[in-house]
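To start, the structure itself, in structure tokens.
The values are calculated or read from the model by the stated rules, or taken from the named source; none is laboratory data. Treat the numbers as computed from the prediction; the structure is a model and nothing was measured. Cβ placement follows ideal geometry from the backbone for every residue including glycine, while neighbour counts extend to all protein chains displayed. SASA here: full protein model, heavy atoms, side chains in, ligands and nucleic acids out. Shrake-Rupley method; radii C 1.70, N 1.55, O 1.52, S 1.80 Å.
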Amino acid sequence: MKLSPSIFALSILGKALADCGKEGETITIDNDGGFDKLKELEQCDIIKGDIIIDPKFVYFILDGPTEIQGKITAHNNEILKFVAAANVTKIGGYSLADPAISSQTSFPELVEIGNLEWTGIQQIELYGLFAWKAPHVSHISNFSVTATELSGFTADYPTLDEGEFYYDGFPALESADKIEIKSNWLMPAVVFEALKTIGRLTISNNKRLEKIEFPLLTKAGEIFIADNVTEINFPVLEQVESFTVRVPDSSLLDCAALDGIRKIAKVFECDKYTIPRNATKLHY
């Protein structure tokens, strides 16, 4: 259906008049005008500045914008059920911390995100499982996961529909500047199926962690692992600046499985290994 010139002009005018935020400023979405503000933001292609979702707000849903330049923050939310942006492809950041109920996040077209922070997320079945839908994310600048009950980073928690999951993981994530995973007491495995390059990886104090696997990772900056892990698998990792593995019982860990590393710049420490047999120093 074609828009008439007058309707098209009104649409353009609506976008021009909408307050889409400003860099360095904060937009608060609360029960005092929050739904009206969301209607206004629907008219924006790009939302500038940060967004704070008030702890007593229930839905944050946008269909119109394609980019949010600032960070979405949802901390200590009491009744937040949905955070969704149907057409956003890039977000400056998303911080979800200590929600009282298990919310659902849906970014179906998201490709790139700056800072992704998850803290204190619990799987409260009484209120529904934590759901994450962002199947196309290929790059994250900084990803921090702390003190959650998440099982890992691959699809989990199946729905009643065959082959569907509440939590989709990160099937398309190929690069990250920094990933930090610590103090997640129910997480048995850290697996990133598609990750190829990373700047810094830190995995520590995840009490039930047994397995770490990065099947496609070829290049890394610094890798630091301090956990009670028995299986580490980096089958195609060739180049790393610093690689440190510290476990309580090194006799349970086969460090020889890391022999694929060919180039190392600074440190390699895993049990009694100090450097892989075939590795060579990098020079910068």
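List of remarks:
- Within the span defined as region 109-130, one or more residues are without any contact (Cβ under 8 Å) to a residue 24 or more places away in the chain, in a loop (DSSP other than H, G, I, E, B) and of a type in the set (Val, Ile, Thr).
- Selection count where residues are of a type in the set (A, V, I, L, M) and assigned to a loop (DSSP other than H, G, I, E, B), scope region 179-231: 8
- Here region 125-160 is the region considered, the condition is being closer than 17 Å to Ala194 by Cα and aliphatic (A, V, I, L, M), and the residue that is most open to solvent (accessible area, probe 1.4 Å) is Ala155.
- Annotation note: Cβ proximity below 9 Å between a residue of region 163-185 that is closer than 15 Å to Ile113 by Cβ and of a type in the set (D, E, K, R) and a residue that is open to solvent by less than 50 Å² (accessible area, probe 1.4 Å) and part of a loop (DSSP other than H, G, I, E, B) (sequence gap 6+ or interchain) occurs for Asp168/Ala134; Asp168/Pro135; Asp168/Thr154; Asp168/Ala155; Glu174/Ser138; Glu174/Ala194; Glu174/Leu195.
- Candidates Asp45, Asp50, Asp36 - the one that is crowded, with 19+ Cβ neighbours inside 10 Å and of a type outside the set (Lys, Arg): Asp50
- The single condition among (1) touching a Ser or Thr at 6+ places or on another chain (Cβ under 8 Å); (2) on the phi > 0 side of the Ramachandran plot; (3) open to solvent by 30 Å² or more (accessible area, probe 1.4 Å) that Gly163 does not satisfy is (1).
- Some residue of region 146-153 being of a type in the set (Val, Ile, Thr), within 20 Å of Phe57 (Cβ to Cβ), within 15 Å of the chain's Cα centre (by Cα) and assigned to a loop (DSSP other than H, G, I, E, B): no
Every residue, every condition in (1) at pLDDT 95 or above; (2) under 23 Å from Arg208 (Cβ atoms), yes or no:
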| residue | (1), (2) |
| --- | --- |
| Ile101 | no, no |
| Glu112 | yes, no |
| Glu117 | yes, yes |
| Asp168 | no, yes |
| Asn184 | yes, yes |
